[in-house]
1. Residue by residue through B:331-340, how many Cβ atoms from other chains fall within 10 Å of the Cβ on average?
2. List the lysines whose Cα lies under 18 Å from the Cα of B:K35, skipping any in the same chain that are fewer than 8 positions away.
3. Given the stretch B:40-183, report the % of alpha carbon pairs whose separation exceeds 27 Å.
4. Given R₀ = 22 Å, FRET efficiency for A:T2-B:E341 by Cβ-Cβ distance, to 0.05?
5. Computed FRET efficiency, Cβ-Cβ of A:T99 and A:Q47, R0 25 Å: what is it to the nearest 0.05?
6. Would you mind ranking B:F178, A:F114 by Cβ crowding within 10 Å, fewest neighbours first?
7. Roughly how many debye, to the nearest 20, is the charge dipole of chain B about its Cα centre, given +1 on each Lys and Arg Cβ, -1 on each Asp and Glu Cβ, and no other charges?
8. Normalised radius of gyration for the protein assembly as shown, please: alpha carbon Rg relative to 2.2 N^0.38 Å, two decimal places.
Amino acid sequence: MTLPTTPLSLVVNGRQVGPIDVPDNLMMVDFLHEYLNLTGSRLACGQGVCWACTVMLLDTDGAPPREIRTCITGAHFFAGKSVRTIEGHAERDADGNVTALSLVQQAFIEHFSFQCGYCTPGFVTGATVLIERLKREPVARADVESTIEAALAPHVCRCTGYVRYYEAVRSVILDTPGLVVG
Amino acid sequence: MIIRKVWHRVVLAAVVIVVLGGGFALAVLAGAFEKSVVSAAVDTPLSPEEIAELAPKGRYIAAAADCVACHTAVGGAPWAGGRPFEMPVGTLYATNISPDPTYGIGSWTRADFHRAMRDGVAKGGRHLYPAMPYVSYRQMSEADVDAVWAYMLTREPMAVPDRQDSLPFPYVRQFMTFWNLLNLPGNVPAPDAQKSAEWNRGRYLVDALGHCGECHTPRDITMGMMPSRYLEGAVIEGVDAPDITPEGLARLGFAPDRLAGFMRSGMGPEGVMGFAMYDVVHHSTQYLTDDDAAAMAAYLAGEPAPAAPVVAAADLSPETAANGRRLYVAVCAGCHGIEGEGTPSMAPPMTTNAELRLPRPVNLLTVLADGIPWRDFPHGRLQDMPGFSDLLTDGEIADLSNYLRATWGGRAPDVSAADVAALRRARD
């Protein structure tokens, strides 16, 4: 049996990928794992509930990036689009070695935010999408906590709990100029 | 002289017409044409023993009549009212029907309660607005009204004042006498001897308790339900309350034996109870007994039920088919299945989905735009469905809905990007 395929081209972590023949019915998380060897996006529930598999969908028109669940979104949805996976957050040298973590990644480490780490790629993605939104639409200081809660509410963690993720994201928001007004 | 005489007669006739017309109007206004269906038997109060005995039955009848949906506001005190009804002329609020003597109905008599339920006239002769479905409750038996009365009397009194409505003319209430003259049936229909006892019980559950017609029967210019278009479907809160006549239900794919289960569980191969019907399942139909759910289904499905038409896929242009399929796999198939088969306990199938079979696409387009929040169904929580209004273009939503409706609903692919844009504007 051969699966029907269609050529797929997209930008992943700033790098042009494809065209690659990809099965029409493949979900994005499988494409990342099996075709690009980007295994950091976690497949857990497989039904869009836990948000461990999310990636950033980047908008070329300057709109804030969006968080997309790759376990329930087809690979071909991303044709011609640009995404950032968990592998694309840190700065790297020419050989691909990590030279500096992103602000969110660094904050999660400093706050001991995760234990097993399975949910962490999703939390990094969700928190980064939130920070990018606040750069464009800052919130009042009084609304910071509720904004974090609303933005990260769908993400599921089963070991460390949520408090340390929450505190890490709050520290990034309060320590980064321009995200909070008043 | 002759002209003058004729003129006199014309004036006299006009005066007579005005006086008679005015007199008639005054008589209507005074309630002279109102007909109560409440018997004198309820003038005697229920004894404490009767109240204690009837209250458990009243709990069931009140659930079947979905009283709580309006008379307990979201997050509000039980039976203390407060649910708003926003209307073009102002906002009405459901009233406190707990037995508080000051703020609720604690000072009412048994007869007052019967008249409110079945005549639409509250204690002291104050006319209710038909947001209270007394046109439907009029058909309730006195025994069932007594049971609800006993149930309400055994609730905790809630000292919560009614919220003042914001209608501009408070004296409009009395003019409900005109509305009632047009829209409140004089008599209660007798059981249909040609039909089974189950069918008759089903009609009672649908018409009297469930007051299904209040949403599913279209209303005429006076806002009264149109008997000639009984249960043929109407627009409620911007979406279609479907045609639930036997033919309408057959077209949506509801077999009688399945309909009873759907009313109780709120989900099945036909999809998930959406929009306002989720609340109806949540508050009311999930509590129906096996027999009552079956009776309701038997009545709605018809006796005998019409044969279910075979739903064949409608034709799609190759471009719409390809683009719709691509979009379906991209954003739907992860949960609803590559072939539309659905995923148990997670996402209903598309192949047998009633929403795709509706004549108009507005319900589907609304779900595609907004998604559905997670909800508690009787058999468990169902996860949310995301909305796609900010992820897909209007043209993509049109192609996707045409693909869904044509492939699995057998409906012509007649949704355009302009339709999606118009709906988006109407909702913004």
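1. That works out to 4 on average.
2. Counting by Cα, and skipping residues close in sequence, B:K35 has these lysines nearby: B:K123.
3. Value for the stretch B:40-183 (Cα pairs over 27 Å): 17 percent.
4. On the way: r = 22 Å, r/R0 = 0.99.
Plugging the Cβ-Cβ distance into 1/(1 + (r/R0)^6) gives 0.50.
5. Values: r = 37 Å, r/R0 = 1.47.
The formula returns an efficiency of 0.10 here.
6. By the 10 Å Cβ count, ascending: B:F178, A:F114.
7. 1500 debye
8. 1.21
Readers should treat all values here as calculations from the given coordinates under stated rules, not as data from a laboratory. From a predicted model like this one, the values you see are computed outputs, not experimental measurements. Cβ atoms come from the backbone with ideal geometry, glycine included; neighbour counts cover every protein chain shown.
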